[in-house]
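Q: Have a look at this one before I ask anything.
The values are calculated or read from the model by the stated rules, or taken from the named source; none is laboratory data. Everything quoted here is computed from the prediction, not taken from an experiment. Cβ coordinates were reconstructed from backbone atoms using ideal geometry, including for glycine residues, and neighbour counts include every protein chain displayed. The accessibility values were calculated without ligands, DNA or RNA, using every heavy atom of the protein model including side chains. Shrake-Rupley method; radii C 1.70, N 1.55, O 1.52, S 1.80 Å.
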2 protein chains.
Amino acid sequence: MAGAEDVRVIGSLASPFVMRPRIALNLKGVSYEFLEEKQGSKSELLLKSNPVLKKIPVLLHGEIAISESMVIVEYINSVWHSDASIVSSDPYHHAMDRFWAIFIDDKWLPAMMESVKASTAEAKEACVDKLVEATQLLEGAFEKFSKDKPFFGGDNIGYLDITFGSFLSWIKAAEKIADIKIFDESKMPLLVGWAERFCADEAVKPVLPEPDFLVEYWKTNFQANT
Amino acid sequence: MAGAEDVRVIGSLASPFVMRPRIALNLKGVSYEFLEEKQGSKSELLLKSNPVLKKIPVLLHGEIAISESMVIVEYINSVWHSDASIVSSDPYHHAMDRFWAIFIDDKWLPAMMESVKASTAEAKEACVDKLVEATQLLEGAFEKFSKDKPFFGGDNIGYLDITFGSFLSWIKAAEKIADIKIFDESKMPLLVGWAERFCADEAVKPVLPEPDFLVEYWKTNFQANT
């Protein structure tokens with residue numbers, strides 16, 4: 001187990017991308033120092049650690065700095081071994097994890113953002129339909145890959161659990177902010193059960209913020225400017 | 001060595017993303033059948049093999065279908081072992097490869113597209129400045145990671161060589177289409193040398209198209225519509 005002095009995460013409490021390496025470190029039992037980056041400003045350390053993209057999260061491991069949330073998660077999995085591997089050693093399984101992770105960040109997330117930002121009732125309905133459709137594809141993926149086990153990763157939390165699970169607090173917050181229903185038990189019963197199990201995990205619980213905190217965060221940082 | 005009957009790539013000759021798995025298969029000495037997808041249409045096989053994103057490339061390996069170019073490259077590296085590994089086994093090196101691959105696709109490529117599409121001389125100049133700046137960051141990355149060896153991957157073609165090298169024909173084509181200079185020996189001498197070595201490799205040569213073919217391809221498929 002690495003000491004907190006060796007491992008630091010630069011990020012914000014609200015960013016789902018920052019939650020990913022934090023959950024991975026907890027799963028591996030690695031203590032770390034959390035260096036909070038305030039919304040709207042960039043610290044000297046962040047600019048020095050990620051001079052190319054200048055964005056969170058950054059993992060500092062001794063003298064090494066790693067960026068991009070799922071790249072960090074893979075790094076954590078490779079460096080700190082434990083019984084529960086986050087990354088599948090099966091090439092097909094890992095390829096599917098990577099594929100669906102790209103789908104979540106490039107297709108599902110924009111659909112969620114559009115649903116929250118839609119300015120008319122009509123636009124919102126169309127966006128939510130698209131979002132529910134994207135979420136149902138993930139329901140199908142869960143059915144295929146979990147094989148009746150509790151997580152996308154099987155018996156343990158894995159790559160795709162972390163990728164999608166990092167949005168669970170934001171999903172609840174978005175449902176409140178935009179008065180919409182994303183996780184509908186009649187349309188995605190497996191994901192509803194999975195979400196409960198994921199949020200209750202000891203490695204996840206301290207990382208996922210309360211939805212009301214994110215609702216306030218949204219109102220303060222985004223809604224005021226629109 | 002797998003037989004061609006087991007391994008098929010669905011793609012187009014002009015797509016840099018399709019060139020990536022083809023180069024990886026050549027590096028591993030794996031024969032494959034190339035199933036050409038015509039610009040503007042989607043075959044039944046493509047829609048069946050990648051029903052979620054409906055895009056090329058797709059690798060078909062027996063009953064398995066894998067999508068997303070660099071996900072396919074990692075799959076190829078894991079399934080077909082050889083002396084020359086495309087993916088570094090060092091967690092830090094692999095994380096850096098993944099990071100720069102994201103930079104190439106998400107930052108560098110849009111900068112190149114903007115440079116080619118810029119409609120005024122002033123806009124073009126600003127876009128090319130941004131593109132040259134992004135390319136110089138890759139020059140810096142090459143200096144850091146190649147450590148005086150011929151490739152990003154060291155002695156052999158690796159992950160980042162394939163990611164960036166797949167654009168080399170398009171860079172030459174873009175220079176002709178837009179009458180711009182991207183690879184400037186005075187600004188990025190290391191990349192100019194690297195590009196020559198990469199294009200001359202036996203695994204790469206049959207895959208990278210002639211720049212004039214891409215110039216014609218661009219004129220036929222894109223310029224006519226703008």
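Q: So which residues of region A:82-103 lose at least 30 Å² of accessible area, probe 1.4 Å, when you go from the chain by itself to every protein chain present?
A: A:91, A:92, A:95, A:98, A:99, A:102
Q: Please compute the modelled spin-label separation between residue B:45 and residue A:136, points set 7 Å along Cα→Cβ, answer in nm with one decimal.
A: Taking the two extended label points, one gets 3.0 nm.
Q: Between residue B:54 and residue A:54, how high is the FRET efficiency from 1/(1 + (r/R0)^6) when r is the Cβ-Cβ distance and R₀ = 30 Å? Nearest 0.05.
A: 0.35
Q: For chain A, what is the calculated [θ] at 222 nm in deg cm²/dmol (nearest 500), taking -39500 (n - 2.57) for each run of four or more DSSP H residues and dividing by its residue count?
A: So the calculated ellipticity at 222 nm is -16000 deg cm²/dmol.
Q: Treating the point 7 Å from Cα along Cα-beta-carbon as the label, what are the nm separations from residue A:33 to the other copies, to one decimal?
A: Those separations, rounded to one decimal, come out as 5.9 nm.
Q: What are the label-to-label distances in nm, one decimal and shortest first, from residue B:55 to the same spot in the other copies, with labels 7 Å along Cα to Cβ?
A: Output for residue B:55: 1.7 nm, nearest copy listed first.
Q: If you roll a 1.4 angstrom probe over the protein chains with everything in place, what fraction of the accessible area of chain B belongs to carbon and sulfur, to the nearest %?
A: Percent of accessible area from carbon and sulfur atoms in chain B: 51.
Q: Here's a follow-up. According to the square roots a ≥ b ≥ c of the eigenvalues of the Cα gyration tensor, what is the shape class of chain B, taking rounded for a/c under 1.5, prolate for a/b larger than b/c otherwise, and oblate for the remainder?
A: Since a/c reaches 1.5 but b/c is at least a/b, the shape of chain B is classed as oblate.
Q: Something else now. For the interface of chains A and B, what total accessible area is buried with a 1.4 Å probe, rounded to the nearest 100 Å²?
A: 2100 Å²
Q: Separate question: Take the alpha carbon gyration tensor of region A:7-79, find the square roots of its eigenvalues, order them as a ≥ b ≥ c, and report rounded if a/c is under 1.5; if not, report prolate when a/b exceeds b/c, else oblate.
A: prolate
Q: Sorted by mean Cβ packing within 10 Å, highest first, what order do the peptides A:116-126, B:152-162 take?
A: Highest to lowest by the protection proxy: B:152-162, A:116-126.
Q: If a/c stays under 1.5 just call it rounded; otherwise compare a/b with b/c (prolate if a/b is bigger, oblate if not). Do that for the protein assembly as shown, with a ≥ b ≥ c from the square roots of the Cα gyration tensor eigenvalues.
A: rounded
Q: Using Cα pairs closer than 8 Å and at least 6 residues apart in sequence, work out the relative contact order for chain B, in percent.
A: This gives 19 percent for chain B.
Q: Separate question: Percent relative contact order of region A:91-221, based on C-alpha pairs within less than 8 angstrom and at least six residues apart?
A: Over region A:91-221, the number comes to 23 percent.
Q: Also, quick follow-up: Mind listing P(r) for region B:91-221? All alpha-carbon pairs, 5 Å bins, whole percents.
A: 2, 10, 20, 23, 21, 14, 7, 3, 0
Q: Could you tell me the relative contact order of region B:122-193? Use alpha-carbon pairs under 8 Å, at least six residues apart, and round to a whole percent.
A: 30 percent
Q: Another question, then. Starting from a label point 7 Å past Cα on the Cβ side, list the distances from residue A:81 to the same position in the other copies, nm, shortest first.
A: Ordered by increasing distance: 1.7 nm.
Q: Taking only protein heavy atoms into account and a 1.4 Å probe, give the accessible area per residue of region B:1-144 in Å².
A: 45 Å²
Q: Hey, another quick one. About the Cα centre of region B:91-221, how large is the charge dipole given +1 on each Lys and Arg Cβ and -1 on each Asp and Glu Cβ? Please answer in debye to the nearest 20.
A: Result for region B:91-221 is approximately 180 debye, rounded to the nearest 20.
Q: Cα centroid distance between region B:84-117 and region A:52-71, in Å?
A: 15 Å
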